[in-house]
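The values are calculated or read from the model by the stated rules, or taken from the named source; none is laboratory data. This is a predicted model, so every value here is computed, not measured. Reconstructed Cβ throughout: ideal geometry from the backbone, glycine too, with neighbour counts over all protein chains shown.
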């Protein structure tokens, strides 16, 4: 089911332009691959660690630069996540909870949308679930070796999404320690020490090696002001992300006639943190089952108070509950959230609902039965509310399905009642997931999104590729072609051109325009030597752009509302 949802219509899907352009450049040489070069000439790196992009680059190197080749690794990673989640939950909570968790994870809209694109979070989530699986293996077996594998997975997760991979460390450590018998506590502590050391060493390994190599032989590190990977990871991609004012500078292209940037239409900002998870775009992406998972967490924690501390169920509750609570707290705290970030909630949500469903099935208590019915009814109502922008017939169908299933569950018992309640709870998110597939959406989309957001993710991105193909063809026909027919301000603007041509497109300022390379003198030298044809700029206060505007000819036919301006810098 996951494979069908993730892969259906993928041949017509537009990949993320920036990451796919980098993957193409990295596929062209092992030098580019190792240093995570954004452009074919390796003048500047991508602004993230390259773990996930390495896999995309290998796919492109094997299959060629087809658009589907950039997306294939994420489909495989997403399906593997469902399989590994089943195994991880089964270790601590049994096969029934595991199969429910796998089903919930497979149909979650956030997972479906994410795994239909080429965003790094897909690999991050797979590695974190692998880490949780190995922590569960250590708890069940009492052996230390799985904790070392767990640390390896966390370290590799860092290569995919940096500091975010460390967020689950407290939940992993707490689950391992809570489940330890007194006789084995010292061994568990030693195992966790090894886990921590290995996680840190693997996390920092590539950064450290590259930082020790001569800067003259590698691309400039984008996202940093001093060519430092540590600055890129821990400041630009770390501390800065918690700031309410964090932006992406000149990469935030103006779209539409209102003068707003595309980022405002896609990103969940600091003005309404409730919408980061529970309402608006965040709710439509991943919020559907978060309240139900939290209810399961509280109910199971209350029931666990009478069980031994070393019980496997208690360990699973600590692991998955800690994962969920930590991430929800972080997403509510930070200033801006891309909706696809929220897909990391899905494994913990699925596991807790699986555990809750199993406990409901096994219980004969009236209070548990009534509580489960009320929780599912509230979840169905919440899903109906989140589906406010869905077609009317979909909302009506959700009411009918939920009502029929809840009423029928009152009349039956045990497994059948649990299945009916699961159908009622999953109806709204499943419908949203199907809409993602039917509408051809990807990781930048949310179910039932606004027309403006759809115009950007489906229109703007696809149009950028078409326009890049046309401009590249025109430049190829122009007489006296200079070494660099096209130069752009920001690598974000260069992305579609690198993607469709595989040729060098020098860029100014990195992804946001803030990178200090190339300098004004270097831009002037390149243009004065006759090496540059057309320069594409966005409106920004940058002395390098001022030099271009003063020394090159603005091409006619560009209205005042153009987001991108073109200048002819050819010396002939």
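Okay, here's what the table says:
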{"quantity": "Meets criteria (in contact with a helix residue (DSSP H, G or I) (Cβ under 6 Å, 6 or more places away or on another chain), closer than 22 Å to residue 432 by Cα and part of a loop (DSSP other than H, G, I, E, B)) for residue 278", "calculated": "yes"}
{"quantity": "Sole residue being buried (at least 17 other Cβ atoms within 10 Å of the Cβ), touching a helix residue (DSSP H, G or I) at 6+ places or on another chain (Cβ under 7 Å) and modelled with pLDDT of 95 or more, chosen from 453, 425", "calculated": "425"}
{"quantity": "Conditions (1) touching a residue at least 24 places away in the same chain (Cβ under 8 Å); (2) part of a helix (DSSP H, G or I); number of the one not met by residue 445", "calculated": "(2)"}
{"quantity": "Boolean, residue 140 is over 16 Å from the mean Cα position of the chain (by Cα), in contact (Cβ under 8 Å) with a residue 12 or more places away in the chain and under 30 Å from residue 440 (Cα atoms)", "calculated": "no"}
{"quantity": "Any pair with Cβ under 9 angstrom, 6 or more apart, that starts in region 89-101 at a residue that is farther than 12 Å from residue 347 by Cα and ends at one that is not in a helix (DSSP H, G or I)", "calculated": "92/179"}
{"quantity": "Residue in region 29-36 that is in contact with a strand residue (DSSP E or B) (Cβ under 6 Å, 6 or more places away or on another chain) and outside the structural domain of residue 488 (by TED's automatic domain parsing) present", "calculated": "yes"}
{"quantity": "Positions within region 19-52 being part of a loop (DSSP other than H, G, I, E, B) and either within 20 Å of the chain's Cα centre (by Cα) or buried (at least 24 other Cβ atoms within 10 Å of the Cβ) (or both), in sequence order", "calculated": "36, 38, 39, 46, 47, 48, 49, 50"}
{"quantity": "Residue 202 within 20 Å of residue 55 (Cα to Cα), touching a residue at least 40 places away in the same chain (Cβ under 8 Å) and in a helix (DSSP H, G or I)", "calculated": "yes"}
